[in-house]
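Presented below is the structure to which this report refers.
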Amino acid sequence: MKCRLADVDLAYDIAGASHNPTLLLVHGFPHDRSTWAPQMRALSASYQCVTVDLRGFGESSAAPPYSMDQYADDMAALLDAIGVRRAVVAGLSMGGYIAFALWRRHADRVHGFVLADTRAGADTEAAIERRRQSIAQLHTAGVEAAAASLIANQLGATTRERHPELEPMLLATVRRASEDGLAGALDAMIARPDSTDTMATISVPTLILVGDEDTISPPAEAQRIRAMVAGSRMDVIRGAGHVSNLERPAAFNAVVSEWAAAVFDPAQAH
Ligand code: MLT
């Protein structure tokens, strides 16, 4: 389905009954909504699951500006378009950075958070330098040439050994993105603010997940968020790297289901 906003068309999918609480699943970089397929399949029995391609990714159109605030505003506009007042927002990695911006700008739309394989801090100088090199490569050599390096180290060692099919799947998501969308997201991540101070303001139920083999946003980063978000819960997904929802979907879904059943009253989720 497509949702037309003022300056962009967002591609999205909805699965599950509309009377159930909504779970908005926000993908990481450089992915698209297809990476949430295992959650759509399993969690739509209890939730209205919504996946969306961020501007510049997947089947959404590419249109500047690119920033965490703009992506967050897009998520709020999508919720408006589908008639959802509040959602549990699950964000993986860059999806988590967007979740923090959503909280700063549209806290009333958030019923809870699932923060997966993400970090509160801003980029280090080394990360900024790596992103600048990726932007230069995208502009000089194109998406195809940059694709492999953009997903380097995302899958954990266990996944690379046991599920070799996931690497081509992630590469396919990069190829569906536009050069502008990828470069714009890299710029947006460079420019994103440090969200550390935001953590203490989060007052909705929050689940923090991280793969034990995540070397990009390692468990210590998840632990840092856990320590700052009052009442939050953290679980480690064994045998998963940076894309824990895709690498160990059954374990990921089981924790989300169990946590959500414990903390949400379905009658108050809208
Ligand atoms: C992601 O998965 O969204 C990226 O690894 C985030 C990042 O590069 O900081």
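Bear in mind these aren't lab numbers, they're just calculated from the coordinates by the rules spelled out. All values reported here derive from a predicted model rather than from experimental measurement. As a convention, Cβ positions derive from the backbone with ideal geometry for all residues, glycine included, and neighbour counts pool all protein chains shown.
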field: Computed over the range 163-270, the ratio Rg/Rh where both radii use C-alpha atoms and Rh is Kirkwood
entry: 1.01
- prompt: For q = 0.13, 0.28 Å⁻¹, what log10 I(q)/I(0) does the range 9-53 give under the Debye formula with an equal point scatterer on each alpha carbon and no solvent?
  reply: -0.24, -0.96
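Peptides 21-29, 175-183, 97-105: what's the order by average Cβ count within 10 Å, highest mean first?
Numbers: 21-29: 26.4, 175-183: 19.7, 97-105: 23.8.
The most tightly packed comes first, giving 21-29, 97-105, 175-183.
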- line: Output ordering of 160-166, 109-115, 33-39, 48-54 (per-residue mean of other Cβ within 10 Å, highest first) is 48-54, 109-115, 33-39, 160-166
- line: For the range 26-94 the mean separation of alpha carbon contacts under 8 Å (6+ apart) over residue count, i.e. relative contact order in percent, is 41 percent
query: Check SER217: other-chain or 5+ apart residues with amide H under 5 Å from its amide H, H built from backbone geometry?
result: none
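Grab the Cα-Cα distance for SER203 and ARG105, subtract it from 0.36 nm times how many residues apart they are, and report the gain in nm with one decimal.
On the way: separation 98, 0.36 × 98 = 35.28 nm, distance 1.42 nm.
Gain in length upon complete extension: 33.9 nm.
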- prompt: Per residue of the chain, what 222 nm ellipticity follows from adding -39500 (n - 2.57) for every DSSP H run with n ≥ 4, rounded to the nearest 500?
  reply: -13500 deg cm²/dmol
- request: Identify, among ALA260, GLY28, SER93, the residue whose Cα sits farthest towards the positive end of the charge dipole of the chain, taking +1 on the Cβ of Lys and Arg and -1 on the Cβ of Asp and Glu, with the dipole about the Cα centre.
  value: ALA260
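Looking at the calculated P(r) for the range 33-167, what percent of the C-alpha pair distances fall above 25 Å?
Working: 3098 of 9045 pairs.
Roughly 34 percent, once rounded to a whole number.
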task: Sort out for me the Cα centre separation of the range 128-172 from the range 2-72, rounded to whole Å.
output: 21 Å
- prompt: Placing +1 at every Lys and Arg Cβ and -1 at every Asp and Glu Cβ, with all other atoms neutral, what dipole size does the range 46-118 have around its Cα centre, in debye to the nearest 20?
  reply: 240 debye
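Magnitude of the Cβ-charge dipole of the chain, K/R +1 and D/E -1, about the Cα centre, nearest 20 debye?
Working: 24 positive and 32 negative charges, 85 e Å.
So the dipole magnitude of the chain works out to roughly 400 debye.
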message: Of ASN245, VAL110, THR124, which is farthest towards the positive pole of the range 2-268's charge dipole, taken about the Cα centre with +1 and -1 on the beta-carbons of Lys, Arg and Asp, Glu respectively?
response: VAL110
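Would you kindly work out the equivalent ellipsoid of the chain from its C-alpha gyration tensor and give its semi-axes, the square roots of five times the eigenvalues, largest first in whole Å?
Gyration-tensor ellipsoid for the chain: 25, 21, 19 Å.
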